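I have placed the structure first, in the form of C-alpha cells, so that the comments after it can refer back to it.
No value in this document is a laboratory result; all are computed from the given coordinates. Model, not experiment: these values are computed from the prediction. Virtual Cβ from ideal backbone geometry, glycine too; neighbours counted across all protein chains shown.
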Amino acid sequence: MITIRGIMKIIVVGAGDVGHYLCQVLSEDGHAVTLIESDGERADDAEENLDVRVIRGNGASAKALSTAGVDDCDFLLAMTAFDQLNIVACAIGKKLGAKTTIARVHDQVYVDNSLVNYQKQFGIDILINPEALTAVELAKHVRNPERMAVEDFARGQIELQEIEVGKGAKAEGVPLREVKLDSVVKIGYVQRGEELYVPTADTVLEAGDKITLIGTPDSILKYRGIFSPERSSETVKIVLNGATETAISVIRRLSNYRFKIRVIDPDLNRCREIAEQFPQVTVINGSATSLRLLEEEQIGDADYFIACTKDDEENVMTSLQAKKLGVKYVELVINKPDYEQVLQNISGFLNITANASPRRVSANEIKKYITDKNFTIVGALKGGTVEFLELKVSPKSAACGQTLRDMPLPPACIIAAIVNDDGAKVPGANDTVNAGDRIILILEKEHVREAADIFVR
C-alpha cells in the first residue's frame, strides 16, 4: 500500500520572494514551517502575514538552525539570494540532523560536476537553480511552435511533445519498426480521433494522428521533421532582452543550429561576456526600451522576443513594443508576486505567449519532493485520463534490478525517463531500474496507485 508521510517539519532559510512564497504555500498545505530570517523588516512581515514560526538570525548559524529544530526536521530549504550562505546552511543543517536539504543556487559553477561535485561534497540532497528552471519553462514553448501539449521532466533534461502527423510525412503510412529513431527518443501514445493507445512495432501512422514524442529536447527537435515535415528545417529567430542568468540558460537550452539568437543589453561588460561565451550569438549593446533601436535592428522580423531582465516593468513594456513591431510570439519573466497575478489576468488581452516566474517554478520544483505521498503527479494528457507520475524507487521494490521488458507493469504503462546521479535518460527495453532512481511513468489514471505500489512498497 502507498504510505502517507503526513505533516512534515520544514525549515526555510531566507524570506525573499522564493522563501516567502514557499513558506506561504507549504503552511497552507498544513506543514509545520519555521522561517529563519536575519532582516528585521522581512521577519516582521512574515510574522504578520504568514502562519509560520519566525526565528531572527543567520541561517548558516548552527545556533539559529538548532533553535529552529534542525535535528528533527524533514526538510531544510536554504532559499536566500546568496549561494554560499545557502550551501553552508545546508551543510551544517545536514550535520545537525536534517533529513533532506535543498539549496537554491544561481551560479552554474555549483551544478558543474566536471571538477568538484559540490552537492556531494557539502552533503546537499538537491540543488535548485531558479534561473535555469525559468529558462526551461521559456525554452519549451520555443521548441513547440504548434502550441500543442508539451511537458518537461528532470528539470528539462527530458521532454514530451505532442505532434500531429502531417500529410506526406516520412512516418505516414509505414509500420513504426521502419521509422528509424535513436535510443534517446521514443513514441509514447498515439491518439487517433478519440482513441488513445500505446503503439507497437506494427502500428501504421496516419496523417492527422497525434503522437507523444519523448526524449531529450535536441533529439525531439531532430526527429520531429519525420512526423511534421513543414517544421523540419525552419530557422527560428529569437531576441533576448537582458544578458541575465536566465538569458544565458535559455541560450544553453536553445543551442541547436536552427535557433538564431540575438541578445540586447545596455551593459557593455555583460555584452562582452556573452559574446565570448557564445560566439554563435549576436550581441547588441543598447537598451530594448528604445523603439528606435528595435526598429533599426528589425526586431519585428523575429519569431520570438523573450524579455528576461530583472525589471518587470521593462519586461512588460519591451514585450508590448516587440509585439507591436510584428514579433510572432513574446515571452517574459515576472519577478514580483504582484505583477505575476496581474499578468495572469491580462496576458490573453496583451497577446503574451508565455510568462515565467522564478519563484513559482522554484516552488513547484521543490514541492515535487515535499509531498504527502511517495509519488507525485507531475502532468496529464488528454483531459486528465493519462497522467505523468514521478516517484523514487524503494530499495524494497521487486522492480530493482529488473529490465523494463521483464517488469510487471500495468497495461499501457510507459517508463518515459530514469533519473539518477548520471543524469536523465529515455530507457530502452534492456535498461534496468535501481534503488534510488527517480522514474517518470506515463499511464492511465486508474492504474496510478497500482504502478506506484510496484516501485515504492
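For the range 13-26, putting each phi into the Karplus relation 6.51 cos²θ - 1.76 cosθ + 1.60 with θ = phi - 60° gives couplings of 9, x, 10, x, 4, 5, x, 4, 5, 4, 4, 5, 6, 6 Hz, in residue order, rounded to whole numbers and with x for Gly and Pro. Per-residue 3J(HN,Hα) values for the range 38-43, derived from phi via the Karplus relation 6.51 cos²θ - 1.76 cosθ + 1.60 with θ = phi - 60°, read 8, 7, x, 5, 5, 5 Hz in sequence order (x marks Gly and Pro).
If the convex hull of the alpha-carbon atoms of the range 146-231 is projected onto planes in all directions, what is the mean projected area in square nanometres? The directionally averaged projection comes out at 5.3 nm².
Of all beta bridges that DSSP places with both ends in the chain, some 50 percent have antiparallel geometry.
Entry note, the chain: relative contact order of 12 percent, from Cα contacts under 8 Å with a spacing of 6+ residues. Considering the range 236-364 at the alpha-carbon level, its Rg and Dmax are found to be 13.8, 40 Å. Principal axis extents of the Cα atoms in the range 149-295, from largest to smallest and rounded to whole angstrom, are 57, 31, 25. Based on alpha carbons, the Rg and Dmax found for the chain are 23.1, 68 Å. If you plug the beta carbon distance of residue 273 and residue 234 into 1/(1 + (r/R0)^6) with R0 = 30 Å, you get a FRET efficiency near 0.50. Can you give the FRET efficiency for residue 81 and residue 182, using 1/(1 + (r/R0)^6), R0 = 35 Å, r = Cβ-Cβ distance, to the nearest 0.05? Result of the calculation: an efficiency of 0.30.
Only one residue of 121, 308, 75 has its Cα farthest out toward the positive end of the dipole of the chain, where Lys and Arg carry +1 and Asp and Glu -1 on Cβ, and that residue is 121.
Extending 7 Å from the Cα toward the beta-carbon at both residue 311 and residue 400 defines two label points whose distance is 5.5 nm. About its Cα centre, the dipole of the range 146-231 is roughly 260 debye, where the only charges are +1 on Lys and Arg Cβ and -1 on Asp and Glu Cβ.
With the Cα gyration tensor of the range 1-114 giving a ≥ b ≥ c as the square roots of its eigenvalues, does the rule (a/c under 1.5 for rounded; else a/b larger than b/c for prolate; else oblate) give rounded, prolate or oblate? The shape class here is rounded. The order of 317, 8, going from fewest to most other C-beta atoms within 10 Å of their C-beta, is 317, 8.
Note down the magnitude of the dipole of the range 9-128 about its Cα centre, charges +1 on Lys and Arg C-beta and -1 on Asp and Glu C-beta and zero elsewhere, to the nearest 20 debye. Mind dumping the intermediate values first?
Working: 10 positive and 18 negative charges, 133 e Å.
Charge dipole of the range 9-128: 640 debye, to the nearest 20.
Think of each Lys and Arg Cβ as +1 and each Asp and Glu Cβ as -1; about the Cα centre, that makes the dipole of the chain roughly 960 debye.
Across the options 409, 92, 269, the greatest Cα extent toward the positive end of the charge dipole of the chain (unit charges at beta carbon of Lys, Arg, Asp, Glu) belongs to 409. For residue 107 and residue 157, what does the FRET efficiency come to when R0 = 25 Å and r is the distance between their Cβ atoms, rounded to the nearest 0.05? Approximately 0.80, to the nearest 0.05.
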